[in-house]
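Beneath this line is the structure, given in structure tokens, with notes to follow.
The values are calculated or read from the model by the stated rules, or taken from the named source; none is laboratory data. Values in this document were obtained by computation on a predicted structure and should not be read as measured data. A quick note on method: Cβ atoms are made from the backbone with ideal geometry, for glycine too, and the neighbour counts reach across all protein chains shown. Each accessible area value is taken on the protein alone, full model and side chains, heavy atoms only, with ligands, DNA and RNA left out. Shrake-Rupley method; radii C 1.70, N 1.55, O 1.52, S 1.80 Å.
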Amino acid sequence: MSEPRVFDTLIIGGGPGGYSLAADLAAEGQRVALFERDSLGGTCLNRGCIPTKCLCASTGGDFATAIAHMRETVDTLRSDVGTLLGNVELVKAEARFAGPRTIEACGELYEAPRIVIATGSKPAPLRCEGADRAIDSDALLAMDSLPEGPVVIVGGGVIGLEFASVLAGFGLEVSVVEFCPEVLPNMDSDLAKRLRQRLRKRGIDIHVGTAVDEIRSDGTVVCHNRKGSVELPARTVIAAVGRRPVLPEGLGNTAVRLTDRGFIDVNSETMETAEPGVYAVGDVNGLCMLAHAAEAQARRAAGMPVNLSVIPAVVFTEPEFAAVGSIEGASVKVPYSSNGKALAGNEGDGILRLVYDHDTHRLTGCHVLGAHAADLVAEATLAIANGLTAEAVAATVHAHPTLSELFRSAALRVCAVR
């Protein structure tokens, strides 16, 4: 094998964390090599965020047309990523660690003082008898036609609820089984309950506090909860029970350690692993499994300024659910029904909850269930990240009539608290 080729930075994985960092560093004049064994864009672009959002936008129409739109969008964005990497050496191959600072790919060696692992994650397997009869999110998005119903989705987290909302929108009979006492267990429990009730009104059958025991050969999903046994007939069963890391080969040739859950252990401030100069960002470290978190962590790994303490999350169900910051603490709630734009657009069924410090009125969290929640939480993210008080938001002029006035209305309510 020839002598190693030397770069400033080597990046394993062409998802949001990997390709964005590669482009940024190359723009600074660094010599960067990016290793990607599959398609550029990672899970988010190819099998996650973008495909599901295309389907969300197309519900009520023809599924085949929606799939065609999804693939056209993915192809366009993937091409854009390729253009972004014009000054990056792209290696379309499996990368493995041959040593602490050395990567091997296609029989060649590459060395750099900094290596960033951005290999992402894959669907976690369902663990029950007959689990192999279920498909995962990757398989669902690869379908050319609508899956056969009824559909049972195992898992009431973000992925499970988004697929439930999408498939119900295409007219399928859908049930969701969630082991925890409530759907979206890591989010505001009151709004999660409200979302569950809204989804049930759309015809989605949701079972919380329920464990799956077996998937029978005829597709029946056998479950149990504190009330007893539950049998749900299904033609399609979808496993949405979380994700597990995709680890590069050869980690044993480094000092990189794994957590008890199997993710790469990193310093949460720097993203550096136990191997100096080797970093892990995005899903593979398990800290925050969101595409924008991966991109932000990658910037931090390169020493760029970024605030990792305030990261918004969105569930693209119908209605949307968005959150940022603290769940616990003093709070006020503002109903969408008090907002002129919401009522004018027949979108008055929603709520915004603003969390704040009782003594200083500094904003610490915002949770929104309703139309355009993803957009509403953006202003809250900016306010929380910059330590703004309710008074500062209330003193800021908001356009009328807009949903953004909900945020100002909530701030005004906080200002009234003594």
10 Å beta-carbon shell around SER121, net charge (K/R +1, D/E -1): +2
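Measure off, as a whole percent, the carbon and sulfur share of the 1.4 Å-probe accessible area of region 119-159, all protein chains present. Present the calculation step by step, with values, prior to reporting the outcome.
Details: 920 of 1830 Å².
Ligands and nucleic acids excluded, carbon and sulfur give 50 percent.
Can you give the helix-only mean residue ellipticity at 222 nm for the chain, where every DSSP H stretch with n ≥ 4 adds -39500 (n - 2.57) and the sum goes over all residues, rounded to the nearest 500 deg cm²/dmol?
Numbers: 12 runs with 125 residues, N = 418.
So the helix-based figure for the chain works out to -9000 deg cm²/dmol.
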Please name whichever of LEU141, VAL306, THR273 sits farthest to the positive end of the charge dipole of the chain, dipole taken about the Cα centre and charges placed at Cβ: Lys and Arg +1, Asp and Glu -1. VAL306
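Mind ranking ARG96, ARG261, ARG418 by accessible surface for me, highest first, 1.4 Å probe? Could the numbers behind the result be given before it?
On the way: ARG96 80, ARG261 160, ARG418 215 Å².
I get ARG418, ARG261, ARG96, largest accessible area first.
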In order over region 342-351: 3J(HN,Hα) from phi, Karplus 6.51/-1.76/1.60, θ = phi - 60°, whole Hz, x for each Gly or Pro, gives 4, 5, 5, x, 6, 10, x, 9, x, 8
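Express the relative contact order of the chain as a whole percentage, based on alpha carbon pairs under 8 Å and six or more residues apart in sequence.
Result for the chain is 14 percent.
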Compute the separation of the alpha-carbon centres of region 156-225 and region 121-146 and state it in Å as a whole number. 16
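Using the membrane-span-like helix rule (whole DSSP H runs, Cα extent along the own axis of at least 24 Å, mean Kyte-Doolittle hydropathy at least -1.0), which helices of the chain qualify? Provide the component values of the computation, followed by the final result.
Working: long enough: 63-84 (31 Å, 0.18).
Flagged H segments are 63-84.
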Using a 1.4 angstrom probe on heavy atoms only, work out the carbon and sulfur share of the accessible area of region 297-337 in %. 52
Note the listed values (1) 213; (2) 163; (3) 140, then indicate which one is volume of the Cα convex hull per residue in Å³ calculated from this particular structure. (2)
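Counting only C-alpha contacts under 8 Å and six or more residues apart, can you give the relative contact order of region 7-57 as a whole percent?
Values: 61 pairs, mean separation 20.0, N = 51.
In percent, rounded to a whole number, it is 39.
Please give me the summed charge of the neighbours of ILE135: other residues whose Cβ is under 12 Å from its Cβ, Lys and Arg +1, Asp and Glu -1.
-2
For region 86-169, calculate the relative contact order in percent as a whole number, restricting contacts to Cα pairs under 8 Å that are 6 or more residues apart.
Working: 38 pairs, mean separation 9.7, N = 84.
Over region 86-169, the number comes to 12 percent.
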Could you pull out every one of the lysines with an alpha carbon less than 16 Å from that of LYS193, ignoring same-chain neighbours closer than 8 positions? LYS201, LYS333
Which one, SER217, LEU184, ILE204, projects farthest toward the positive side of the charge dipole computed for region 146-284 from Cβ point charges (K/R +1, D/E -1)? ILE204
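Taking K and R as +1 and D and E as -1, what net charge do the other residues with C-beta under 9 Å from the C-beta of PRO245 add up to? List each step's numbers first, then the result.
On the way: positive: LYS122, ARG243, ARG244, ARG261; negative: ASP283.
So the surrounding residues net to +3.
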Whole number in Å², please: accessible area per residue of the chain, 1.4 Å probe, ligands, DNA and RNA not counted. 44
